[in-house]
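The values are calculated or read from the model by the stated rules, or taken from the named source; none is laboratory data. The shown structure was predicted, so the numbers you read here are calculated from the model rather than taken from an experiment. Methodologically, a virtual Cβ is constructed for each residue, glycine included, from the backbone with ideal geometry; neighbour enumeration extends over all protein chains shown.
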């Protein structure tokens, strides 16, 4: 599949797909992966979509995934997409979304979420604290 080609995969929100199966090699060079997800409004972060099965894969992969995000506070996990044909969902890292406007003195818990807790383990100005 070359640039501009669209791989359209019907899917259900539980991860069930009508994936493609290739007995030989599958080459993906900047193609578009379009998931037509039935009930995509509230996808669970544990869901994994089997997009394709192939004897081997090569190329640059997908240039775009539609929909661009699987839901609010979530992102696509493409770590297994080229090797296994699996597209997963993961929670967005809260620290990754830190706005430049936010104070550097914000406390963060070990899950990467802002916290106001005075006790426990937290990160403040890049240092770990335990109280």
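Apart from one condition, residue 128 fits all of (1) at pLDDT below 90; (2) outside any strand (DSSP E or B); the exception is (2).
Scoring residue 38 on the criteria (1) within 20 Å of residue 79 (Cα to Cα); (2) touching a residue at least 12 places away in the same chain (Cβ under 8 Å) leaves a single failure, condition (1).
Rundown of residues vs (1) modelled with pLDDT of 85 or more; (2) under 25 Å from residue 14 (Cβ atoms), yes/no style:
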position: 41; (1), (2): no, yes
position: 68; (1), (2): yes, yes
position: 76; (1), (2): yes, yes
position: 81; (1), (2): yes, yes
position: 101; (1), (2): no, no
position: 106; (1), (2): no, no
position: 110; (1), (2): no, no
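Scanning the stretch 52-60 for residues that are assigned by TED's automatic domain parsing to the domain that holds residue 83, touching a helix residue (DSSP H, G or I) at 6+ places or on another chain (Cβ under 7 Å), closer than 15 Å to residue 87 by Cα and at pLDDT 85 or above turns up at least one hit. Listed by first and then second residue, the pairs linking a residue in the stretch 14-30 that is without any contact (Cβ under 8 Å) to a residue 60 or more places away in the chain to a residue that is loosely packed, with under 11 Cβ neighbours inside 10 Å and not in a loop (DSSP other than H, G, I, E, B), with Cβ atoms under 7 Å apart and 6 or more places separating them unless they lie on different chains, are 22/55; 23/55; 24/55; 25/55; 25/56.
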